[in-house]
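Please read the structure below before turning to the comments.
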Amino acid sequence: MADLLDRLIGRWELNGQVGTLPLRQEVSAGWSLGGRYVEARFRSLAGQAPYEAVIYLAALPAEEGYVMHQLDSRDVALEGAVARGRRVKDSLRFTLPGAEGQAHYTWHYAAGEDTWRLEHSREQDGQATLLSTAEMKRLAWL
């Protein structure tokens with residue numbers, strides 16, 4: 001199960017958008033906490049609004065699932081708990097219940113290009129709204 005998480009290890013450049021705003025960040029990901037979690041650190045690049053986040057991802061072999069914890073400089077962690085996920089081919093799909101509906105996070109790995117595509121959406125009353133999309137391109141293996 002951890003083989004897909006292994007693909008996250010490295011330094012990345014992230015480009016995308018949140019709503020209509022451009023998004024540029026540097027990302028560094030490595031194994032942490034005894035090799036149990038991938039710790040991915042996100043930081044905005046020059047010219048962008050200041051932003052930092054730390055996301056912890058782990059496989060849960062007993063449940064055949066995954067878990068994602070997100071902490072960021074915009075109080076995301078204060079919204080709730082832990083996102084639970086599952087693997088679908090080369091994608092990790094997480095759901096986080098919340099007061100404003102369910103948040104969905106998809107991490108899709110494209111092996112041929114060695115890139116990750118990230119999508120964040122919110123579902124409320126059966127309606128899904130795409131909030132952000134981004135692509136991470138590898139700069140280096142760590």
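Positive-end ranking of Met136, Gly34, Gly10 along the dipole of the range 2-140, with charges on Cβ about the Cα centre, is headed by Gly10.
Across all Cα atoms of the chain, the radius of gyration (one decimal) and Dmax (whole number) stand at 14.5, 44 Å.
The Rg/Rh ratio for the range 8-71, using Cα coordinates for both the radius of gyration and the Kirkwood hydrodynamic radius, is 1.05. Relative contact order of the chain, taken over Cα pairs closer than 8 Å and 6 or more residues apart, is 21 percent.
FYI, it's all coordinate maths here, none of it is from the lab. This structure is a prediction, so every number in the text was calculated from the model and none was measured. Using ideal geometry, Cβ is built from the backbone for each residue, glycine included, and neighbour counts are taken over all protein chains shown.
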